[in-house]
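In what follows, a structure is listed as structure tokens, so that the remarks can point back to it.
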Amino acid sequence: MTLTQQIITIALCALGTMATRFLPFLLFSSRKPTPGYIQYLGKALPAAIFGMLVVYCLKNVDILSGSHGLPEAAAILVVIGLHLWKRQMLLSIAGGTICYMLLVQRILIN
């Protein structure tokens, strides 16, 4: 990429990020109640995205070969344990990821 292309790319990314941050405040006034479907999406989407992340992460796991899915199962248990203990989604995801990476790269060398 040329310098001009890099500047344009960064500017468009910044503009897109700002638009997604500011748009809800422009569309939904604090004086009027938030529409019911928006409230529903705010409650339903986090769980749906988390479920989709689990499916995506486990789609290629083969329990009949290699480590038989043991690193994945251990990481899932770590995620569940951390989430039940601290109720912090980012901590749970980071803890499970770190556990999985340590198991795959340090302990279960194929």
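For L64, state whether it is loosely packed, with under 10 Cβ neighbours inside 10 Å and out of contact with any strand residue (DSSP E or B) (no Cβ under 9 Å at 6 or more places or on another chain). It would help to see each step written out before you state the result.
Values: loosely packed, with under 10 Cβ neighbours inside 10 Å: yes; out of contact with any strand residue (DSSP E or B) (no Cβ under 9 Å at 6 or more places or on another chain): yes.
Criteria met by L64.
For the range 10-28, check the following and say yes or no: at least one residue is out of contact with any strand residue (DSSP E or B) (no Cβ under 6 Å at 6 or more places or on another chain) and outside any helix (DSSP H, G or I).
Keep residues of the range 10-28 that are out of contact with any strand residue (DSSP E or B) (no Cβ under 6 Å at 6 or more places or on another chain), which gives 10-28.
Still in the list and also outside any helix (DSSP H, G or I): 28.
Yes, the conditions are met somewhere in the range 10-28.
Out of L45, L90, report the one residue that is exposed (fewer than 10 other Cβ atoms within 10 Å of the Cβ), within 20 Å of the chain's Cα centre (by Cα) and not aromatic (F, W, Y).
Working: L45 fails: exposed (fewer than 10 other Cβ atoms within 10 Å of the Cβ).
Residue meeting the stated conditions: L90.
Check W85 against each of (1) surrounded by 12 or more Cβ atoms within 10 Å (Cβ to Cβ); (2) within 26 Å of P46 (Cβ to Cβ); (3) of a type outside the set (D, E, K, R) and name the one condition it does not meet.
So the condition that W85 fails would be (1).
Tell me yes or no: at least one residue of the range 31-53 is on the phi > 0 side of the Ramachandran plot and not in a helix (DSSP H, G or I).
Within the range 31-53, the first condition is being on the phi > 0 side of the Ramachandran plot, and the residues that meet it are none.
No, the range 31-53 contains no residue that is on the phi > 0 side of the Ramachandran plot and not in a helix (DSSP H, G or I).
Bear in mind these aren't lab numbers, they're just calculated from the coordinates by the rules spelled out. Since we're looking at a predicted model, the values are computed, not measured. Counting neighbours? That spans all protein chains shown, and the Cβs are built from the backbone with ideal geometry, glycine included.
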